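S.K.: Mind looking over this structure? Questions follow.
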Amino acid sequence: MDFRVTSAAFTDNQPIPQAHSCDGDRTSPALRWQGVPSGTRSLALIVHDPDAPAGDFVHWLLYDVPPSITELPSGTYNEAKFPLGGLQGQNSFGDLGYGAPCPPQGSPPHHYIFTLYALKAPQLGLPSGASREQLQAAMRGKILAQTELVGTFQRP
């Protein structure tokens, strides 16, 4: 079985529902994955928008997630420790946890890339609040596999 991440809220390259945006209730979309490779000791998630006006914008960093976790329910996650296990990093809004899509009104659709990593390390040794750069450096040489799901969002 291939390693893949999906969402009940949207399919790959399709719009993310407004409920998961800054115009809605700002909850993260539910995510589910399957086919986690043998030898996976933890998981990490990076969600970013490469279309942001100021450059690549990080919406969510989650790491040290136990490999026994196979889904993330929709919710508002802004604590240092993720309730199902793992830690959350700092998004480009300057907050911990999920930062809802909020592109400028009238701009073309933005792409939100949800990349899930299967890692051969049980913990990365990072505190909560790590940056994307710190997370990527800590994952270097430890990635067994990765998969991604892309959602779009546009504000009128």
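The values are calculated or read from the model by the stated rules, or taken from the named source; none is laboratory data. Quick caveat, the model's predicted, so the values are computed rather than measured. In this analysis, Cβ positions are derived from the backbone assuming ideal geometry, glycine residues included, and neighbour counts consider all displayed protein chains.
S.K.: Every residue in the range 126-156 that is assigned to a loop (DSSP other than H, G, I, E, B) and touching a residue at least 24 places away in the same chain (Cβ under 8 Å), please.
M.R.: 126, 127, 128, 129, 130, 131, 154, 155, 156
S.K.: Can you work out which of the residues in the range 7-23 that are in a loop (DSSP other than H, G, I, E, B) and among the small types (Gly, Ala, Ser) is surrounded by the fewest Cβ atoms within 10 Å (Cβ to Cβ)?
M.R.: Once the filter is applied, the top-ranked residue is 8.
S.K.: Which residues, counting only those in the range 44-61, are in a loop (DSSP other than H, G, I, E, B) and either in contact with a helix residue (DSSP H, G or I) (Cβ under 6 Å, 6 or more places away or on another chain) or of a type in the set (Gly, Ala, Ser) (or both)?
M.R.: Answer for the range 44-61, where residues must be in a loop (DSSP other than H, G, I, E, B) and either in contact with a helix residue (DSSP H, G or I) (Cβ under 6 Å, 6 or more places away or on another chain) or of a type in the set (Gly, Ala, Ser) (or both): 52, 54, 55.
S.K.: Next question, about the same structure. Being of a type in the set (Gly, Ala, Ser) and under 16 Å from the mean Cα position of the chain (by Cα) is the filter here; which residues of the range 1-30 pass it?
M.R.: Residues satisfying the conditions are 7, 8, 9, 21, 28, 30.
S.K.: So which residues in the range 71-81 are part of a loop (DSSP other than H, G, I, E, B) and under 14 Å from the mean Cα position of the chain (by Cα), if there are any at all?
M.R.: Matches in the range 71-81: 73, 74, 76, 77, 78.
S.K.: Quick one: which of 93, 153 is touching a Gly at 6+ places or on another chain (Cβ under 7 Å), among the aromatic types (Phe, Trp, Tyr) and surrounded by 15 or more Cβ atoms within 10 Å (Cβ to Cβ)?
M.R.: 93
S.K.: Residue by residue through the range 37-72, note down the ones that are of a type in the set (A, V, I, L, M) and surrounded by 15 or more Cβ atoms within 10 Å (Cβ to Cβ).
M.R.: Hits for the range 37-72 are 43, 44, 45, 46, 47, 52, 58, 61, 62, 65, 69, 72.
S.K.: Another question, then. Enumerate the pairs (first residue in the range 63-87 and in contact (Cβ under 8 Å) with a residue 60 or more places away in the chain; second residue anywhere and outside any loop (DSSP other than H, G, I, E, B) and aliphatic (A, V, I, L, M)) with beta-carbon separation below 6 Å, excluding pairs fewer than 6 apart on the same chain, so at least 6 apart or on different chains.
M.R.: Here the result reads 63/44; 63/87; 63/135; 64/87, each pair linking the range 63-87 to a residue that is outside any loop (DSSP other than H, G, I, E, B) and aliphatic (A, V, I, L, M).
S.K.: Just to be sure before I move on: is residue 75 surrounded by fewer than 20 Cβ atoms within 10 Å (Cβ to Cβ), modelled with pLDDT under 95, over 25 Å from residue 120 (Cα atoms) and small (Gly, Ala, Ser) in the structure I sent?
M.R.: yes
S.K.: From the list 4, 26, which residue is surrounded by 14 or more Cβ atoms within 10 Å (Cβ to Cβ), touching a residue at least 60 places away in the same chain (Cβ under 8 Å) and at positive phi?
M.R.: Exactly one residue qualifies, and that residue is 26.
S.K.: Would a scan of the range 59-78 turn up a residue that is within 21 Å of residue 135 (Cα to Cα), touching a Gly at 6+ places or on another chain (Cβ under 9 Å) and of a type in the set (Asp, Glu)?
M.R.: Yes, some residue in the range 59-78 is within 21 Å of residue 135 (Cα to Cα), touching a Gly at 6+ places or on another chain (Cβ under 9 Å) and of a type in the set (Asp, Glu).
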